[in-house]
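S.K.: This is the structure I want to talk about, given as structure tokens.
The values are calculated or read from the model by the stated rules, or taken from the named source; none is laboratory data. This structure is a prediction, so every number in the text was calculated from the model and none was measured. Quick reminder, even Gly has a Cβ in these numbers, built from the backbone with ideal geometry, and neighbours come from all protein chains shown.
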Amino acid sequence: MAQSTIKVRVQKFGNFLSSMVLPNIGAFIAWGLITALFIPTGFFPNESLANLVGPMVTYLLPLLIGYTGGKLIYDQRGGVVGAIATMGVIVGAPDTPMFLGAMLMGPLGGFVIMKFDQMIEGKIRSGFEMLVNNFSAGILGAALAILAYLGVGPAVDAFTEVLVTGVDWLVEAGLLPLTSILIEPGKILFLNNAINHGILSPIGLEQSESTGKSILFLLEANPGPGIGVLLAFMFFGRGTAKQSASGAGIIHFFGGIHEIYFPYILMKPMLFLSVILGGMSGVFTLVLLGGGLSAPASPGSIIAITAVTPNDGMVYVANYAAVLVAAAVSFAVSAVIMKTSKTSDEDINEATKKMEQMKGKKSSVAGHVSENKGTLPEEVNKIVFACDAGMGSSAMGASLLRKKMKEAGLDVSVTNTAISSIPSDAQVVITQEKLTPRAVNKIPSAYHISVDNFLSSPEYDKLIASLQDGVTEEQAELVEESETEAVGTEPNGDKDDDLLLEENIFIGKEFASKEEAIRFAGEALVKAGYVEDSYVDAMIDREGITTTYMGNNVAIPHGTEEAKKAVIKSGFTVIQVPNGVDFDGEQAKLIFGIAGKDGTHLEILSGIAVICSEQENVDQMVGAKTAKELKDIINSK
């Protein structure tokens, strides 16, 4: 029990760091490019443009992290106070880039202003709200900045001194591989200059003068551990982290800017182990083969390492081998960590959700409304269900709500789409909890509703009740018959038969995991000629974004929005799993694998949604003994 609690806390900590770092990777890459290009040892040295490097790493990057951390805790006000507090710790330790301090003070600023607002809620006289809001943020931000200047900055400096002393002792004791235990974490905390230029380079220069080379120049400059982690993100990462890892790898390996991979480690703290073991392996290889450099490699790129390697074939072999071994070990360990992790720590939406729960916005079991939902318009004409691809869960939810709207006598347009395609005139947007932050960013002016269960969320009834309060008789008379929602009531000839074939219904299956079940459903779609092979992996990636479990023991795995190009034609597979398979703590007993092209699958999906909204219908399908019997149950409903 204790181990489980510790694991959960470690995962939360990883998500906490990820939520602050991931949105700002673009800024890290911009800084890395400017550094690699224009510093004196860069590709195109430029004294004027190099002036950007220091202020960006000293002020811009920590402030962005501090603002993001505060905003995750308490939206815009939290971000502003978090940034003010971060400025205190930046000035309090000017010689050390204050990323660690920003990760402390940003969320603390958001938390303090949130608690203050909760304390005075309902106690401010009308007309004084803006005055109190502005002065409270300013006063509390100033107090936190002073606290950071006097306390956190000196504390980080003291920590730096301890780390530097430890590295110095390991070097003097001849325990070179063990130096990676301090060097690699020290680099991630942006103490690499203090370690490299403060300890390793001075000692290395003395050795180089007498022997022509020094191994110490490669202890911190070896790009192997970092490129190993970035390669792992290229192959096993998800979302923005995966997409940006290749560019970061080029900047790191050929540009020598090691700082570019630090945010990726901070997203998943277990990866500290990867760079430590990679660094130790590289140092051991250097000792074994007699590697070393004649001068410091600045920046720490493979190009710079080649340039300052002594003109000796065996030394070249030793140095390159150290880089390759470090990269291989780091990649292997990172791959294991990322493949065995149950959560996608690089998923910013999941991290945001956890931040909301930490600040008291915990969701209910059935569903909840996001605190950032906006204001429900007096007259609603357009409701949009949105999911990642716009062809699965959102279509089912939209079908159910259209049915409920019709029964309630409300003439309201209910459609579904991908989050990236939400129309600007949408008044109400309904999404799964993990996707709501993306939807809010896409269209902040809409009224946003978050649900856990698209098939039976009480939020539908709450929304309808709110709309009925303002409905007029004239509006009620305008209700028209919606499109046919049942699949088999009026068969659509060969078209529906082609979408859901009896041979694509599988009875009595068992799976060890949801990934195994999803892959089975995807491979069945491939064999049926509905999709290309690449669609299967896209189904797994889609599940990593947010679960496709819909409630009532039903899951509808499908590909990402980008995978639509791999769909040949619309179709379904149905997998019956009587004993259930775990979908993030829920038991899925009916799995509908979906491939949708040009909207032709939406009619049958609509009918399935209506059928599966009744648990007794699901139970009948789970109890079916043959594929024909299961399909007949669907058609009979």
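S.K.: Can you list residue pairs whose Cβ atoms sit under 6 Å apart, with the first residue in segment 296-312 being closer than 13 Å to LEU37 by Cα and touching a residue at least 12 places away in the same chain (Cβ under 8 Å) and the second being surrounded by fewer than 23 Cβ atoms within 10 Å (Cβ to Cβ) and of a type in the set (Phe, Trp, Tyr)? Count only pairs 6 or more apart in sequence or on different chains.
M.R.: SER301/PHE254
S.K.: Looking at this structure, is PRO444 of a type outside the set (Phe, Trp, Tyr), assigned by TED's automatic domain parsing to the domain that holds ALA465, in a helix (DSSP H, G or I) and farther than 22 Å from CYS612 by Cβ?
M.R.: Working: of a type outside the set (Phe, Trp, Tyr): yes; assigned by TED's automatic domain parsing to the domain that holds ALA465: yes; in a helix (DSSP H, G or I): no; farther than 22 Å from CYS612 by Cβ: yes.
It is false that PRO444 is of a type outside the set (Phe, Trp, Tyr), assigned by TED's automatic domain parsing to the domain that holds ALA465, in a helix (DSSP H, G or I) and farther than 22 Å from CYS612 by Cβ.
S.K.: Can you confirm whether ILE443 is touching a strand residue (DSSP E or B) at 6+ places or on another chain (Cβ under 7 Å), under 16 Å from LEU376 (Cβ atoms) and at pLDDT 80 or above?
M.R.: yes
S.K.: Would you be able to tell me the number of residues in segment 519-541 that are within 13 Å of GLU503 (Cα to Cα) and touching a Pro at 6+ places or on another chain (Cβ under 9 Å)?
M.R.: The number of residues fulfilling the criteria is 1.
Residues checked against (1) at pLDDT below 85; (2) of a type in the set (S, T, N, Q); (3) closer than 12 Å to SER513 by Cα:
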position	(1), (2), (3)
ILE556	yes, no, no
GLU561	yes, no, no
LYS564	yes, no, no
VAL567	no, no, no
SER570	yes, yes, no
VAL574	no, no, no
GLY580	no, no, yes
GLN587	no, yes, yes
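S.K.: Please determine, by comparing only the residues of segment 215-261 that are in a helix (DSSP H, G or I) and polar (S, T, N, Q), which one is nearest to ALA297 (Cα to Cα). Please lay out each step first, then the result.
M.R.: Pass one, segment 215-261, residues in a helix (DSSP H, G or I): 217-221, 224-236, 239-255, 258-261.
Checking which are polar (S, T, N, Q) leaves us with 240, 243-244, 246.
Details: THR240: 31, GLN243: 29, SER244: 26, SER246: 23 Å.
That would be SER246.
S.K.: Does segment 180-199 contain at least one residue that is aliphatic (A, V, I, L, M), touching a Phe, Trp or Tyr at 6+ places or on another chain (Cβ under 7 Å) and at pLDDT 75 or above?
M.R.: No, segment 180-199 contains no residue that is aliphatic (A, V, I, L, M), touching a Phe, Trp or Tyr at 6+ places or on another chain (Cβ under 7 Å) and at pLDDT 75 or above.
S.K.: Under the condition of being more than 14 Å from ALA335 (Cα to Cα) and of a type in the set (Phe, Trp, Tyr), which residue from segment 232-261 is modelled with the lowest pLDDT?
M.R.: Among those residues, the one meeting the criterion is TYR261.
S.K.: Here is a follow-up. Can you list the helices (runs of 4 or more DSSP H) lying wholly within segment 54-154 that have 1 or more residues being hydroxyl-bearing (Ser, Thr, Tyr) and surrounded by 24 or more Cβ atoms within 10 Å (Cβ to Cβ)?
M.R.: Filter on segment 54-154 gives 61-92.
S.K.: To continue, here is another question. State which residue is farthest from the chain's Cα centre (by Cα) when the search covers only segment 608-637 and only residues that are small (Gly, Ala, Ser), over 13 Å from VAL574 (Cβ atoms) and surrounded by 17 or more Cβ atoms within 10 Å (Cβ to Cβ).
M.R.: Our first condition is that a residue be small (Gly, Ala, Ser); within segment 608-637, this holds for 609, 613, 623-624, 627, 636.
From what is left, the residues that are over 13 Å from VAL574 (Cβ atoms) are 609, 613, 623, 636.
With the extra rule that they be surrounded by 17 or more Cβ atoms within 10 Å (Cβ to Cβ), the set shrinks to 609, 613.
Values: ALA609: 29, SER613: 31 Å.
Filtering first and then ranking leaves SER613.
S.K.: Within segment 262-286, can you find the residues that are at pLDDT below 85 and in a helix (DSSP H, G or I)?
M.R.: PHE262, PRO263, TYR264, ILE265, LEU266, MET267, PRO269
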